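See below for the structure under consideration.
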Amino acid sequence: MTWEFKLEPTAEPVSEIEHILDVCRNVWNFALRERKDWLDSRKSPVNACSIQQAFLLPADAPFPNYHVQAKRLTAVKANFPRLKTVNAQVLQQVLRKLDGAWESWRLKRSGFPRFKKPNRMRSFGFPQMLKTCISNEGMKLPQLGWVKVRWSRRISDLFEVKQARIVRKASVHQRIADTRKDWHFKLAHHLCDGAGMIFGEDLDFRIMAKGMLGQYPLDAGWGQFTHQILPGVCFKREVYYGKVDPRGTSQDCPDCGAEVKKDLSIRISHCLECGSIKPSDMAAAQVVCTRGQRGIENACGVGVTGSSVMNSSPLALKQEIFGATPGSSLCP
Ligand SMILES: [Zn+2]
């Protein structure tokens, strides 16, 4: 049976809890790195040994499973005094939890375990509690001593407390940011599913936030999406990502290049030069796409006389450089 109670610690245990969480985080990241290195050293095919995988571990290096890592943890304590500042069972629990996350990834039940940034370690557990760890005031925890608890329900004397887990609740702000980030990753993967190249406007959302859109671009995390998440996912998925000059992308006709003056409230782009009519967003996206492709062509030296890259076909070269096929970009 698991019950949840709110701790009401004073400043001292709070800073101790923060410290424990941070050491747990270091242990998690180190142990995950060890497992990942082992995996990387194994999956490299013999005929395509990449630079990244050049630091091959010896072929007989055992997989760093829970027992290997727990043993190693004890051994390295002499060299890392910080590890000694946290209850040994708490750190073993971290390794056990990682083992569980790894197994569930291996069985395809969940994603690959992630490295944790500062403040991303949210909980730790005490696998063993004293029999007399509960009083009316609070609870006696290993390392932390007596901590005040708001007992929102009575624990019957018939029950014995076996384990305790301290969880730091995320703030509302943090939860919203997490949900948004999650959605941004899904969106980035979705975009990569349908494209060989993606172009984005090189916008500074801090400047937009000073204009008529107000804080919105910053709150919505657009900068994080276009400058970090999308390029990162594209890199991983081997989709070419390029930034283009954002000036006037909403003011050009995508079909003939003539200027179609309009403010953002006009939702249709109607070119008086060539008669092209399409939704403004689509027109702007097409302009961005054309600019991006032109940028690649220029980089490949297409049409530049005397350029040495003309020796091979520009198309083949493009594919060689970007592993992408022109025309499969996001443009409608
Ligand atoms: Zn036109």
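The values are calculated or read from the model by the stated rules, or taken from the named source; none is laboratory data. Quick caveat, the model's predicted, so the values are computed rather than measured. Heads up, the Cβs are rebuilt from the backbone with ideal geometry, glycines too, and the neighbour counts pull from every protein chain shown.
Among the residues that make up the stretch 36-46, is at least one of them over 24 Å from the mean Cα position of the chain (by Cα), at pLDDT below 90 and among the acidic types (Asp, Glu)? No; the residues of the stretch 36-46 include none that is over 24 Å from the mean Cα position of the chain (by Cα), at pLDDT below 90 and among the acidic types (Asp, Glu).
Of the residues making up the stretch 252-274, none is more than 8 Å from the ligand (Cβ to nearest atom), β-branched (Val, Ile, Thr) and under 32 Å from the mean Cα position of the chain (by Cα). Determine whether Gly200 is in contact with a His (Cβ under 9 Å, 6 or more places away or on another chain) and closer than 17 Å to Val288 by Cα. Answer is yes for this residue.
Would you point out which residue out of Arg96, Arg109, Arg122 is within 24 Å of the chain's Cα centre (by Cα) and surrounded by fewer than 13 Cβ atoms within 10 Å (Cβ to Cβ)?
Testing whether each residue is within 24 Å of the chain's Cα centre (by Cα) and surrounded by fewer than 13 Cβ atoms within 10 Å (Cβ to Cβ) leaves just Arg109.
What do you reckon, is Lys117 in a loop (DSSP other than H, G, I, E, B) and either closer than 30 Å to Pro231 by Cβ or modelled with pLDDT of 90 or more (or both)? Spell out how you get there, then give the answer.
Values: in a loop (DSSP other than H, G, I, E, B): yes; either closer than 30 Å to Pro231 by Cβ or modelled with pLDDT of 90 or more (or both): yes.
In short, yes.
Cβ-Cβ distances below 6 Å connect no pair with a first residue in the stretch 72-98 that is over 11 Å from Val23 (Cβ atoms), a second residue that is of a type in the set (Lys, Arg) and surrounded by 14 or more Cβ atoms within 10 Å (Cβ to Cβ), and a separation of six or more residues or different chains. Please work out if Gly242 is more than 13 Å from the ligand (Cβ to nearest atom), part of a strand (DSSP E or B) and either of a type in the set (Gly, Ala, Ser) or under 19 Å from Gly200 (Cα atoms) (or both). Yes.
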